[in-house]
1. Using the Karplus curve 6.51 cos²θ - 1.76 cosθ + 1.60 with θ = phi - 60°, work out ³J(HN,Hα) for each residue of the range 278-294 in order, rounded to whole Hz, and write x for Gly and Pro.
2. State, as an integer percentage, the relative contact order of the range 147-210 based on alpha-carbon contacts under 8 Å between residues 6 or more apart.
3. Any idea how far apart E174 and R261 come out in nm if each label point goes 7 Å out from Cα toward Cβ?
4. To check you understand DSSP bridge types, tell me what percent of the beta bridges within the range 216-309 (both residues inside) are antiparallel, rounded to 5.
5. Quick one: which residues, 5 or more positions from V249 or on another chain, have an amide H under 5 Å from its amide H? H modelled 1.01 Å from N in the peptide plane, none for Pro or chain starts.
6. Rank these for me by crowding, V292, V57, going from fewest to most other beta carbons within 10 Å.
7. Can you tell me how much longer the chain between E301 and L288 gets when fully stretched, taken as 0.36 nm per residue apart minus their C-alpha distance, in nm with one decimal?
8. Apply the Karplus curve 6.51 cos²θ - 1.76 cosθ + 1.60, θ = phi - 60°, to the phi angles in the range 253-263 and return the couplings in whole Hz, x for Gly and Pro.
Amino acid sequence: MQNFKDYYKILGVSKTATPDEVKQAFRRLARKYHPDVNPGDKTAEEKFKDINEAYEVLSDPGKRKQYDQFGQYYQQSGFRASRDPYAGSPFGAEDFGASGFGGGVDFNQFEDFQDFIDQLLGRVKGPASDRSGGFSGSANNTSYDAEASIQISILEAYEGGRRRLRVGGNRTLEVNLPPGITPGKRIRLRGQGHPNPNGGAGDLYLKIELKDHPFYRLEGFDVYCDLPISPSEAVLGAQVEVPTLDGMVKLRIPAGTPSGRKLRLAERGFPKGNGERGDFYVVVQIHLPSQVSEQERELYEKLRQVQSYDPRAALKL
């Protein structure tokens, strides 16, 4: 395996260095070798590149663990990575888009050390290297932006407003959610990304995900809600209250409504951004009682004796 770099030596820290010690070493060296301080100095530029790369790996618990395992492999051929590259990390792969490896990784698959690092840092090979969520490996294209995923309820997404949300570990941020934000959208928080050794910080991009809800689900801009009704309501029809995003709404259940039928409430879904809204669909689910009273049992028995239809008629040849 060629081109191995000792990131601990590059930053001048021990292998047992704490995250704060790693950060302090990085800031000190980054100031010393920054291209603005050393204009035209190619040696300083390469040094600055190595310092950024070392910090990107050693500042992330999951990546640092993978790097340490690779170092063991480098000394002892045949070493394989543990099955959990993010064990002990306050930020999982879902938090900052870290590109860890799955279980049973064979380090022999990598052509050299740089190939391993490119995959560890999620680099796209080729002229357009895109590595959001960490420091870039180029002194002229340094990025301190980061990305995290946050989970909010469908009601929080619909209503929007100021929210206090936990972002990785114990970090809590005030986030202004625009009303009607949908999954996959990103919110930019200026100055909340990785610290810049020369002052300030990059931006943090929060990717929206929705938590599972007991009865709401979002499909595009349409909201679906399962509505339990009784057998008698399904047969005779009824007027029931439905909990929509805007509050309770009375809905008429037509007589003879089968289970699974969708009833549409127009323009009660998520806003589309053009003044229109998606729809709200009520999906009827006929709910059977788990227990019945003696009187109900007698009435069901009479109904069975007089019912005029055969629910299994289609199964007969």
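1. Here the 3J(HN,Hα) series is x, 9, 10, 10, 9, 9, 6, 10, 6, 9, 8, x, 7, 9, 10, 6, 4 Hz.
2. Across the range 147-210, relative contact order equals 38 percent.
3. 5.1 nm
4. On the way: 16 of 23 bridges.
Percentage antiparallel, nearest 5: 70.
5. V242, T244
6. In order of increasing Cβ crowding within 10 Å: V292, V57.
7. Numbers: separation 13, 0.36 × 13 = 4.68 nm, distance 1.52 nm.
Here the answer is 3.2 nm.
8. Along the range 253-263, the couplings run 8, x, 4, x, 6, x, 5, x, 5, 9, 10 Hz.
Since every read-out is calculated from the coordinates, none of them should be taken as a lab result. No experiment lies behind these values; they were computed from the predicted model shown. No Cβ is skipped: glycine too gets one built from the backbone with ideal geometry, and neighbour counts run over all protein chains shown.
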